[in-house]
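Notes for the one structure printed next.
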Amino acid sequence: MANLDVTLRYSGINFPGHLHSMQSMQFAEGFKFHDTDTLIVTYPKSGTTWMQEILTLIYSDGNQEPAKTIPNWIRTPWIEHYYCEDILLGKADHRIITTHLPYHILSKSLKQSNTKVIYVARNPMDIIVSFYHFHKMANFLPEPGTFGEFLEKFLLGKVHFGSWFEHIKDWLSHREEFNFFFITYEELKKDLTHSVEKLCNFLEHSLLPEVIDTIVRHCNFTNMKNNQMINYTLIPNEIMDHQRGKFMRKGAVGDWKEHFTDEQKQLFEKIFQDKMRDFKFRFIWTL
Ligand code: A3P
């Protein structure tokens, strides 16, 4: 499946037709989750790949073999991608599943189970920068234009995968409906050991301190950048142009400061205050 220029519109949101089809979205929407599943929920560029790697290592008890030999899209598949049906149905228990879907598409089926849901959030200003660079290399996403043009599109919720504001507000305001764990990219950066301990606690999967140390070492940015199973260099240039950027790009907190002008920061803050006004949640990042 190439379909690089095709956009799929589903439930009011644009998705890349390269990875999503009407059937795959319907499959995701009606998916039968198991109580033993763990679902990673993210808006793109929030630390999805990082969490996929951490969970792979937690569930393998620190054995690095699966992470070094199986691509992340096979071991932690996106429920909405067209190639996932067979992978998911072929595995009965302890599946690690990934999704970028908004609450309104997935909630009905997800509520039927006690699946463990892990929501990873990131400072939206860093997401915008990361997403902008990703658009340049991912040939299945529209050309982003200038950074300023991309920023405006993002703030209007007109980018692929929909509005960041709606995604986070909808998932977090309904978190009581699920077996739910919230963590941020910034917490992972600040203290990965403590983050892994908290995750193990939530997953009821206890590990020895030395195993946690192995996981923390394995999941650092440099090691992950060099792991072909997650750095997307296995994907041909036609689909991801590795000359135009790296998937594992910078891995930093606050990179937005290198990209936003003062006017762009003011525009962002104005829209952020407006859209998040009624949303009572204390984020740990500073804008
Ligand atoms: P940058 O583009 O800012 O570098 P996602 O997996 O949700 O698409 O997110 C990708 C972002 O997470 C990229 O951000 C990538 O570099 C960053 N990332 C992935 N693994 C990381 C790690 N181990 N440490 C820090 N950042 C990581």
Dipole of the chain, positive end: most advanced residue of Asn139, Leu234, Met224 [Cβ charges, Cα centre]
Asn139
Rounded to the nearest 500, the 222 nm mean residue ellipticity computed for the chain from DSSP H runs (n ≥ 4, each -39500 (n - 2.57)) alone is -12000 deg cm²/dmol
The chain, dipole about Cα centre (Lys/Arg Cβ +1, Asp/Glu Cβ -1), debye to the nearest 20:
300 debye
In the chain, taking the dipole from +1 charges on Lys and Arg beta carbons and -1 charges on Asp and Glu beta carbons about the Cα centre, the listed residue (Asn123, Ala92, Leu4) farthest towards the positive end is Asn123
Mean separation of Cα contacts under 8 Å (at least 6 apart) over the residue count of the chain, i.e. the relative contact order in percent, is 24 percent
If you keep only loop residues by DSSP, which trypsin sites (Lys or Arg not before Pro) in the range 42-105 have at most 16 other Cβ atoms within 10 Å of their Cβ?
Lys91
Sorting check: for 103-115, 249-261, which peptide has the highest mean count of neighbouring beta carbons within 10 Å, and how do the rest follow?
103-115, 249-261
Express the relative contact order of the range 1-155 as a whole percentage, based on alpha carbon pairs under 8 Å and six or more residues apart in sequence.
33 percent
Signed unit charges on C-beta, dipole axis of the chain, positive-most listed residue Phe27, Ser107, Gly148
Gly148
Taking a 19 Å limit on the Cα-Cα distance, which of the listed pairs Lys169/Lys257; Lys116/Lys198; Lys68/Lys225; Lys189/Lys257; Lys158/Lys275; Lys45/Lys257 fall beyond it?
Lys169/Lys257
Surface/4 of the Cα convex hull for the range 7-275, nm²:
13.5 nm²
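Every number here is computed from the coordinates shown, using simple stated rules; none is lab data. Given the structure is predicted, the values throughout are model-derived calculations rather than measurements. Reconstructed Cβ throughout: ideal geometry from the backbone, glycine too, with neighbour counts over all protein chains shown.
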